[in-house]
Amino acid sequence: TWTLAANGNTWSSLNINAGTLQIGNGGTTGKLGSGTIQNEGTLAFNLSSDLIVTNDINGIAGGVTQNGTGTVTLASSGNTYAGLTVVNSGRLLINGSGGTTGGAVVNGGSLGGTGTIGGTVFVQPAGALAPGVTIGTLTINSDLTLGGSVLVDVNRSLAQSNDLTVVNGTLSNTNNGWVVVNNLGPALVAGNRFQIFNQPVLGGELMTVVGAGAIWTNRLAIDGSIAVVSGTLPQPQITTTTVTSTNVVLSGTNGVAGNPYVVLTSTNLALPLSTWTRVQTNVFGLGGTFSTTNPVTAGEPQRFFLLQVP
């Protein structure tokens, strides 16, 4: 591996014949020169900052790997590299009409953009598919297998009201993953429907749809869509509090089955919630029930707990 962690690279073309060329070493510095990249090895990125790559990336065997925590955008319309695209962390956006002719594996972080991926895409349990940049369409000209999460933006006031993934091969889900919705527009109301895939998802009923302050129905296995049942989440109720010398157990009901919740704690009730400490993350059980055990320290004069629905 050869790592370039400076910002002064000015070459007019680059050939990677074998091995790995890494841009950045986990920090904010590292950039490519100009010109076409002929890639027969691996072009890797490891930056905590964002980088837009306008170079054409070509090659029969070469691939691209995203290792950093920042966002890397492949923006060229002339990309033709046929190797594997791997996302291990951060965010990789494939934009531009060129996209990539190879496949992709998302081990962690997220893969998105508004371009085209030519080969098969696998999203592993720790990874996420996040089509679009804000709201847009990502095209996969082969199969898509979901094992992780899907992140979608919606805005019911726009002509294209949501992120869309067009899959021109087989579309399937193999895990109990999440569809996490982020609303960029007006408040959602019952009946709002969003087509997030162009076809039914085999095994899509295993996924749980959450987010945007709404209650959702999952229609992925039927037609690739999700819909709002109610634009208002119910208020969870703590019905039982059990205190021991080492723990406080909070139990209750009225949540939405499968939706996440967090437990925050502080010794000062007057502090803003942004300063409270998150001690538990879980999901509501069948019937919207919950029970969470939270440690306390002997001798503390007081400690406050709050159940929060994201």
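Observations
- Counting other Cβ atoms within 10 Å as a rough exposure proxy, the listed residues 274, 48 run 274, 48 from fewest neighbours to most.
- Local electrostatic count at residue 269 - Lys and Arg +1, Asp and Glu -1, tallied over other residues with Cβ under 14 Å: 0
- Gain upon complete extension [residue 31, residue 297; 0.36 nm per residue less C-alpha separation]: 90.9 nm
- Divide the volume of the convex hull around the Cα atoms of the stretch 208-273 by the residue count and you get 123 Å³ per residue.
- Computed over the stretch 237-308, the P(r) tail beyond 19 angstrom holds 35 percent of alpha carbon pairs.
- A Förster distance of 51 Å, applied to the separation of the beta-carbon atoms of residue 217 and residue 50, puts the FRET efficiency at 0.90.
- Using the rule -39500 (n - 2.57) for each DSSP H run of four or more residues, divided by the residues of the chain, the 222 nm mean residue ellipticity is 0 deg cm²/dmol.
- Its Cα gyration tensor gives the stretch 173-288 an equivalent ellipsoid; the semi-axes, largest first and in whole Å, are 32, 17, 13.
- Debye intensity ratio I(q)/I(0), log10, the stretch 56-211, q values 0.20 Å⁻¹ (C-alpha model): -1.27
- Using alpha carbons only: equivalent-ellipsoid semi-axes of the stretch 121-243, gyration tensor based, whole Å: 26, 19, 12
- Across the stretch 1-84, the convex hull enclosing all Cα atoms gives 74 Å³ per residue.
- Taking the Cα centre of the chain as reference, the dipole from Cβ charges on Lys and Arg (+1) and Asp and Glu (-1) amounts to some 420 debye.
- With both residues required to sit in the stretch 87-147, DSSP beta bridges show an antiparallel share near 5%.
- Rotationally averaged projected area of the stretch 152-212 (alpha carbon convex hull; nm²): 4.4
- Beta bridges per DSSP, both residues in the chain: antiparallel share near 35 percent.
- When only Cα pairs below 8 angstrom with a gap of at least 6 residues are kept, the stretch 2-230 shows a relative contact order of 10 percent.
- Kirkwood-based shape ratio for the chain, expressed as Rg/Rh from alpha carbons: 1.05
Values quoted throughout were computed directly from the atomic coordinates according to the rules given, and no laboratory measurement underlies them. Nothing here was measured: the structure is a model prediction, and the numbers come from that model. Here the Cβ is made from the backbone with ideal geometry for all residues, glycine too, and neighbour counts use every protein chain on show.
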